[in-house]
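Encoded as structure tokens, the structure appears first; notes follow it.
Nothing in this text is a laboratory measurement; each read-out follows from the coordinates by a stated rule. Predicted model only: the values in this text are computed from it and were never measured. Ideal geometry is used to build each Cβ from the backbone, glycine not excepted, and the neighbour counts take in all protein chains shown.
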Amino acid sequence: MRVNTVKALALMCVIMMLAACGGIRYSRVSDDIKDFHPASIGVLPVDEGAYVEATDVADGIIAGVLQEKAWFPTVVPPDKIRAEMIARSDVQDMIVSYLDKLDKLNFSDPELSKKIGIVYGIDVFLVAGVDSWTYTTAEGDKVARVGLSMILVQAETGMIVWRAGHHTIKDYWFIKPDLQDLARTVVGEMLDEMPH
């Protein structure tokens with residue numbers, strides 16, 4: 001009887017340890033936020049990097065999942081942000097300059113982020129990038145892989161409130177998994193970790 005109890009406890013410990021290993025690859029919330037409950041969020045057009053097939057798809061998925069979660073009364077989707085950038089060169093220059101500084105200097109320019117917030121009427125905005133969006137092989141197996149990184153910026157101050165990165169890999173034999181479905185899973189899991 002005692003041996004079975006020890007085995008049962010050991011099995012429960014292993015299950016709990018494996019469950020604790022779940023979750024996204026990384027997620028970090030700024031220590032400086034208190035009573036953080038923005039009413040509006042914008043999703044900047046996603047940097048798809050080398051994965052052109054994710055162009056105009058990944059950011060739409062992010063905006064769609066945000067709208068489904070209904071955490072924010074206002075979600076400004078990337079197509080509206082993109083439309084304003086096309087209509088106004090000053091807005092395009094402002095966003096390109098902000099993203100350039102963020103990418104090359106790891107500097108969230110508070111002056112530019114504040115202007116972005118004013119132009120779009122948003123409290124925070126999400127900057128996302130595609131880390132992987134592909135069908136490939138891993139250790140001889142065919143796999144579908146989608147990976148994203150996200151940064152949440154408080155528009156008023158330029159403070160980076162949250163950073164996260166996550167990916168999912170699904171192996172297959174004949175029928176390729178839909179990368180957009182995988183992306184929805186990745187986005188949902190990531191946004192569950194985002195402060196709101």
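May I ask you to list the residues of segment 54-84 whose amide nitrogen lies under 17 Å from a point 7 Å from Cα along the Cα→beta-carbon direction of THR136?
Only 54 fall inside the zone, counting backbone N under 17 Å.
Loop only per DSSP, at most 11 neighbouring Cβ atoms within 10 Å: give me the chymotrypsin sites (Phe, Trp or Tyr not before Pro) in segment 105-196, ordered by residue number. Intermediate values should be presented prior to the final figure.
Numbers: sites: PHE107, TYR120, PHE125, TRP133, TYR135, TRP162, TYR172, TRP173, PHE174; in loops: PHE107, TRP173, PHE174.
Those satisfying the criteria are TRP173, PHE174.
Go ahead and estimate [θ] at 222 nm for the chain from helices alone: -39,500 (n - 2.57) per DSSP H run with n ≥ 4, summed, over the residue count, rounded to 500. Could the numbers behind the result be given before it?
Details: 6 runs with 82 residues, N = 196.
Result for the chain: -13500 deg cm²/dmol, rounded to the nearest 500.
Can you tell me which of GLY49, GLY129, GLY117 moves the most in a GNM of the chain? Springs connect C-alpha atoms under 10 Å apart.
GLY49
How far, in degrees from 0 to 90, does helix 78-87 lean away from the longest principal axis of the Cα atoms of the chain, to the nearest 10?
The angle comes out at about 20 degrees.
Along segment 91-102, what does the Karplus equation 6.51 cos²θ - 1.76 cosθ + 1.60 (θ = phi - 60°) give for ³J(HN,Hα), rounded to whole Hz, x for Gly and Pro?
The phi angles translate into 5, 4, 4, 5, 5, 4, 5, 4, 5, 5, 5, 5 Hz.
Counting other beta carbons within 10 Å of each residue's own, what order do VAL119, VAL186 fall into, fewest first?
With the sparsest Cβ surroundings first, the list reads VAL119, VAL186.
Treat each spin label as a single point 7 Å out from the Cα along the C-beta direction, and report the LYS101 to ARG28 distance in nm.
2.1
Using θ = phi - 60° and the Karplus relation 6.51 cos²θ - 1.76 cosθ + 1.60, list the HN-Hα couplings for segment 111-124 in order, rounded to whole Hz, with x at every Gly or Pro.
For segment 111-124, the Karplus curve yields 5, 6, 5, 5, 5, 4, x, 5, 4, 9, x, 10, 7, 9 Hz.
Where the only charges are on Cβ atoms (+1 Lys, Arg; -1 Asp, Glu), what is the dipole of segment 104-168 about its Cα centre, to the nearest 20 debye? Spell out each step's value before the answer.
Values: 6 positive and 7 negative charges, 18 e Å.
In total the dipole reaches around 80 debye.
Where the only charges are on Cβ atoms (+1 Lys, Arg; -1 Asp, Glu), what is the dipole of the chain about its Cα centre, to the nearest 20 debye?
That gives a dipole near 700 debye.
Based on the Kirkwood radius over alpha-carbon pairs, what value in µm²/s does the Stokes-Einstein equation return for the translational diffusion coefficient of the chain at 37 °C and 0.692 mPa s?
Translational D for this selection: 179 µm²/s.
Just name one of THR137, ASN106, LEU44: the one whose Cα is farthest towards the positive end of the charge dipole of the chain (beta-carbon charges, Lys/Arg +1, Asp/Glu -1).
Final value for the positive-end residue is THR137.
5 Å is the cut-off here: which amide hydrogens, built 1.01 Å from N in the peptide plane, fall below it relative to LYS142, excluding neighbours closer than 5 in sequence?
For LYS142, whose amide H was placed from the backbone, the distant partners under 5 Å are TYR172.
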